[in-house]
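Below: the structure, in structure tokens.
The values are calculated or read from the model by the stated rules, or taken from the named source; none is laboratory data. Keep in mind that what you see is a predicted model, and the values were worked out from it rather than measured. Surface areas here come from the heavy atoms of the whole protein model, side chains and all, with no ligands, DNA or RNA. Shrake-Rupley method; radii C 1.70, N 1.55, O 1.52, S 1.80 Å.
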Amino acid sequence: LHLDSFNTSNYLKNVRNNIIKSKDIINASLQKGSTGIYCPSRALNILDENINVRFFDDDPYLYNKYLPPFQNPIENFSDCIKRPPENIVLASRTFNSKIYKKLINGGFDGNIINLFESD
């Protein structure tokens with residue numbers, strides 16, 4: 001990538017469009033029922049403060065900790081399976097397929113939505 005060919009305006013427009021698309025996906029999921037976000041730290045920059053979602057992460061260090069300003073603690077996979085939300089939004093490009101398989105193999109039967117599906 002040469003700096004001369006980099007179009008800042010197009011880049012910023014793409015970033016804005018991706019943020020809007022991601023928010024729309026999460027909001028559409030909330031319209032369909034309770035929603036959890038798996039790997040919430042990947043979505044923090046786009047979440048509205050008053051959004052009512054649950055957070056799931058496999059990092060034991062994050063378990064039961066909070067992501068300000070959100071009111072729900074971070075739960076783990078076991079919590080997700082024991083008390084599943086109706087929808088899970090996967091917010092990890094790197095581990096998307098691994099988390100998807102883990103959810104399916106663990107018995108999760110709700111909707112699984114990949115935040116980056118159309119990338």
Quiz item: Just Leu62, Leu12, Leu30 to compare: in a GNM of the chain, with alpha carbon springs under 10 Å, which one fluctuates most?
Solution: Leu12
Practice problem: Could you provide, to the nearest whole Å², the per residue accessible area of region 1-114 with probe 1.4 Å? | Solution: 65
Practice problem: Leaving ligands, DNA and RNA out of it, report the carbon-plus-sulfur percent of the accessible area of the chain at a 1.4 Å probe. | Solution: 50
Practice problem: Would you mind telling me which residue in Lys102, Lys13, Lys65 has the biggest mean-square fluctuation in a Gaussian network model of the chain, where springs connect alpha carbons within a distance under 10 angstrom? | Solution: Lys13
Quiz item: If one takes the longest principal axis of the Cα atoms in the chain, at what angle in degrees, from 0 to 90 and to the nearest 10, does the Cα axis of helix 96-105 lie?
Solution: 20
Quiz prompt | Whichever lysines have a C-alpha closer than 25 Å to that of Lys21, once near sequence neighbours (fewer than 8 apart) are set aside | solution = Lys13, Lys32, Lys98, Lys101
Quiz prompt | Where Rh is the Kirkwood radius over Cα pairs, Rg/Rh for region 3-44 | solution = 1.18
Quiz item: How big is D for the chain, in µm² s⁻¹ as a whole number, if Stokes-Einstein is applied with the Kirkwood radius of its Cα pairs at 25 °C and 0.890 mPa s?
Solution: 162
